[in-house]
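Here the structure is laid out as structure tokens; the discussion comes afterwards.
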Amino acid sequence: MISIRSVSLIYPNGVRALDNVSLEIGKGDFVFLVGHSGTGKSSLLRLLYKETVPTSGEITVDGIRVDRLKRGRIPALRRHLGVVFQDFKLLAEKTVWENVAFAMQVTGAHSKEIMREVPRALDLVGLSHKSRMFPGELSGGEQQRTAIARALVNHPKLLLCDEPTGNLDPSNTTEIMELLLRINLKGTTVVVATHNQAVVDRMRRRVVRLEDGKIVTDEERGYYYLGLGQGQVLSG
Amino acid sequence: MDWGKVKFFLGEVLRNFTRNAGMQATAIGTVAITIILLGAFLFVRATLAGLGSDILNQIEISVYFTNDATTAQEDALRSTLAHDPRVATVQFVPRKEGLAELRARTNGVIDTSLLTENPLPDKMRVRVHDPASVPNVAAKIRKMKGIGNVVYPQTVVERLLQLGGVLRRIGLVVIAVFLLVAGIIISNTIRLTVFARRREISIMQLVGATHMYIRAPFICEGLLDGLAGSLIAVAVLAGARYMLWPKLLLALPWVQLNASVVNGPVLVGQLLLVGGFIGVIASWISVGRHLRT
Ligand SMILES: Nc1ncnc2c1ncn2[C@@H]1O[C@H](COP(=O)(O)OP(=O)(O)OP(=O)(O)O)[C@@H](O)[C@H]1O
Ligand SMILES: [Mg+2]
């Protein structure tokens, strides 16, 4: 589903966010992306839907050479992916319902379809009762769940989640992770960048660890901290 | 037809349109002023052109044959002219009739009975469709055999044709400047709405909206600006036309003004079209500039 080959990313201000990164993610995989703050997790995800362009290297998503993709083709790429942004990116002047519906409207979906899918997505994240509220009237966790509903509503083949549980309490976190698992079981590839140790350690999925823009480990059933279980002390 | 979609789209347009009411009013006002000037200009130009062409259309070429011109030569000219598409009418005035005409025209001041023989040559009056072709047709006639004098009010034709050309050129420049100014102001208005919504636009792009999808409401906004402005302008122009025209006729009684040379509905249609067009172009450009970066 995702193939990243020797990708480096240097921002215009000179920051080297990714350094010769190579990564393969198969169809239907569930992958955690971990690492300290500022190691390039968000940058890596942004490359996949071409919000950022790599300085060098090749990126293929669902058979599409993203690094070479023409500007006019970007919308089509993004419609096949769902993205939960680290900063949510909700529209303040639209209600929860409208924010989710919006992601379908831009794809030209029929309004009948929108009327059917939006309540489903809101129900999945447990926000049906707040569908008429505006983001400003929601808690951080509720905004996050709105963002997740929007990412899901188009039934994407690939779901990219940047810190999707950052603002959720433990029970919400569990619910959302179970939701992501269920979606994954239906065949959607899921990539989650996270700082949530409990989630990573409980789920025992593939863990890709970034450090200073480089992939340092890639474990099939990993933990949040490298070498956990070999007596290493946990902190923070 | 997906009414949900239509409703959503119209909602977006309306929201944009009402969000920045002050700026919107400025844009509409500018378009209105531009279109008023444009409309007044077109009206005046058409009236003047009508005036000029009234005069020009009455111009005829008088062809005098030489005294020894043969009937065959006269017939040759007649048939040449009959085959010339520029020529409208040809009237042959034999010398006898010419004398009678002269007598009538001079009211007997010239006593033609004193003449022992008719000094007038045979004559032909030629009228053309397009006044601009008068000099060429006259030159062509001059080259034929048996032709004496060929006369037409040369300076009048030349001056009027020149005036028409100058008016047309000035008109084009004036119109171009008007349109440019209106376009720039609409484009600035749209740029402000685009700027106010830049976060929304970037989010739209992130969830996969095409440029066309993002553009459409803004284009519609520009179209509304343009149409609203030109509607106001048309109303003002129509009011002015009905209030000022009778006064103008009284003030300039010696000028044969003719309002019917201006086709009202066509002019209104043209003005609305121009207004809508600059609205669309201006917003297209300003949204496009934003999307490219
Ligand atoms: N738009 C940008 N322009 C310049 N530098 C940037 C930009 N975005 C990120 N960076 C830099 O790139 C590096 C990686 O940032 P990134 O956001 O990918 O980190 P992250 O792993 O997602 O961090 P966090 O866990 O805090 O979200 C950081 O040093 C950051 O300062
Ligand atoms: Mg990040």
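Derivation of every value follows stated rules applied to the coordinates shown; laboratory data play no part. Please read these numbers as outputs of a predicted model, since none were measured by experiment. A quick note on method: Cβ atoms are made from the backbone with ideal geometry, for glycine too, and the neighbour counts reach across all protein chains shown.
Table: residues versus (1) surrounded by fewer than 21 Cβ atoms within 10 Å (Cβ to Cβ); (2) closer than 22 Å to A:Gln86 by Cβ; (3) more than 14 Å from chain B (Cβ to nearest Cβ).
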{"position": "A:Ile114", "(1), (2), (3)": "no, no, no"}
{"position": "A:Val118", "(1), (2), (3)": "no, no, no"}
{"position": "A:Asp123", "(1), (2), (3)": "yes, no, yes"}
{"position": "A:Ser128", "(1), (2), (3)": "yes, no, yes"}
{"position": "A:Arg132", "(1), (2), (3)": "yes, no, yes"}
{"position": "A:Gly140", "(1), (2), (3)": "yes, yes, yes"}
{"position": "A:Gln144", "(1), (2), (3)": "no, yes, yes"}
{"position": "A:Leu152", "(1), (2), (3)": "no, yes, no"}
Checklist entry - In segment B:1-30, what residues are aromatic (Phe, Trp, Tyr), within 13 Å of chain A (Cβ to nearest Cβ) and in contact with an Asp or Glu (Cβ under 8 Å, 6 or more places away or on another chain)? => result none
Checklist entry - Condition test on A:Gln105, is it within 11 Å of ligand 1 (Cβ to nearest atom) and either within 12 Å of chain B (Cβ to nearest Cβ) or in contact (Cβ under 8 Å) with a residue 40 or more places away in the chain (or both)? => result no
Checklist entry - A:Thr52 passes all but one of (1) within 14 Å of another protein chain (Cβ to nearest Cβ); (2) in a helix (DSSP H, G or I); (3) within 13 Å of ligand 2 (Cβ to nearest atom); which number fails? => result (2)
Next on the checklist: Tell me whether segment A:76-83 contains one or more residues that are closer than 26 Å to A:Asn167 by Cα, away from chain B (no Cβ under 12 Å) and within 13 Å of ligand 2 (Cβ to nearest atom).
Outcome noted: no
Item to check | Filtered residues of segment A:4-15 (kept if farther than 15 Å from A:Leu45 by Cβ and more than 16 Å from ligand 2 (Cβ to nearest atom)) | outcome: A:Arg5, A:Ser6, A:Ser8, A:Ile10, A:Pro12, A:Asn13, A:Gly14
Checklist outcome for this item: Residue pairs within 7 Å by beta carbon, gap of at least six or interchain, first lying in segment A:29-52 and on the phi > 0 side of the Ramachandran plot and of a type outside the set (Asp, Glu), second part of a loop (DSSP other than H, G, I, E, B) and away from ligand 2 (no atom under 11 Å from the Cβ), listed first then second, are A:Gly40/A:Gly213; A:Lys50/A:Leu69
Checklist entry - Does B:Gly98 satisfy the condition of being under 30 Å from B:Gly276 (Cα atoms) and either surrounded by 13 or more Cβ atoms within 10 Å (Cβ to Cβ) or of a type in the set (D, E, K, R) (or both)? => result no
Item to check | From A:Val31, A:Val61, A:Val21, residue being more than 9 Å from ligand 1 (Cβ to nearest atom) and within 14 Å of chain B (Cβ to nearest Cβ) | outcome: A:Val61
Next on the checklist: So, in segment A:154-183, how many residues would count as being more than 15 Å from A:Ala121 (Cα to Cα), within 14 Å of another protein chain (Cβ to nearest Cβ) and surrounded by fewer than 18 Cβ atoms within 10 Å (Cβ to Cβ)?
Outcome noted: 1
